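A short worksheet on the structure shown next.
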Amino acid sequence: MMALKAIGGQRRIQPNNHNAAPLIVILAGNNTVGSYSLAAARHLVNRACQVVVFLACSNNVALVKEVEEQKLYCSFAEVNIIDDITQLPQQFTTPVDLIIDGLMGCQSTLKDLRGDYETRELLRGSMDWANANKAPVLSLDFPSGVNGIDGLPFHVMHYIKPKWTLCFGAPKIGCTSRAVTGELFLADIGIPPVAWEELTGNRYTIPWGSDFILALEYDHPSAAEAR
């Protein structure tokens, strides 16, 4: 839903639209948020988007179960999956409409890959490619390469700088300002009120209303918390 809105919604996605289909590049890591981005790829292909998925994982490393499953489903949907950075579209010859960052989220860091130099370099290279491209970036869960607790990059040179961030369930503590997340959105993943009660001691819940995605605002540019 976020991706389709970002590329123009119904104006761009119409059965009889004779213009070239929008091109979306998805950067997927070998982790849970990577599996989410692969699932998004299938839905976008089903809506007549051109989708290229870059899977940032060494060929010598086994895929986690959920990524392996989603990669298989993508193959059934005829999603174009690549594993070489040189195969990513070049902005001067192949303009990209949207980049989806599903590399790391807030679950993994480059430090977790100390023994896997190849995957670490794939992650760094794809982050640099995304930041150098003119296309806007939508980060899933949290901008990759940024600490989800304090909002600071793990490496001063290699981290995603998104236009939008879509958090799942609740904003991460590291959502400190637009300089970190860009415009901030929240997706409902079905956390029930009883879970909030166990966590906070009251039945506080996010006021979703009829929406599954909410736009959040910072109190001020350097706010420590979003509201």
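The values are calculated or read from the model by the stated rules, or taken from the named source; none is laboratory data. Source: prediction; values computed, not measured. Ideal geometry is used to build each Cβ from the backbone, glycine not excepted, and the neighbour counts take in all protein chains shown.
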*asked:* Go through the stretch 59-73 and report how many residues are modelled with pLDDT of 95 or more and either assigned to a loop (DSSP other than H, G, I, E, B) or within 17 Å of the chain's Cα centre (by Cα) (or both).
replied: 4
*Take the stretch 37-66 and flag every residue that is crowded, with 24+ Cβ neighbours inside 10 Å and either among the β-branched types (V, I, T) or more than 25 Å from Q90 (Cβ to Cβ) (or both).*
V51, V53
*Total residues in the stretch 33-86, condition over 17 Å from L138 (Cβ atoms) and either touching a residue at least 60 places away in the same chain (Cβ under 8 Å) or charged (D, E, K, R) (or both)*: 10
*Leading residue by the ranking (surrounded by the fewest Cβ atoms within 10 Å (Cβ to Cβ)) among those in the stretch 181-227 that are among the small types (G, A, S) and at pLDDT below 80*: G201
*Among the numbered conditions (1) buried (at least 20 other Cβ atoms within 10 Å of the Cβ); (2) at pLDDT below 85, tell me where A3 comes up short.*
(2)
*Matching residues, the stretch 63-82, being within 18 Å of G29 (Cβ to Cβ) and in contact with a helix residue (DSSP H, G or I) (Cβ under 8 Å, 6 or more places away or on another chain)*: L63, V64, E66, V67, E69, Q70, K71, Y73, C74, V79, I81
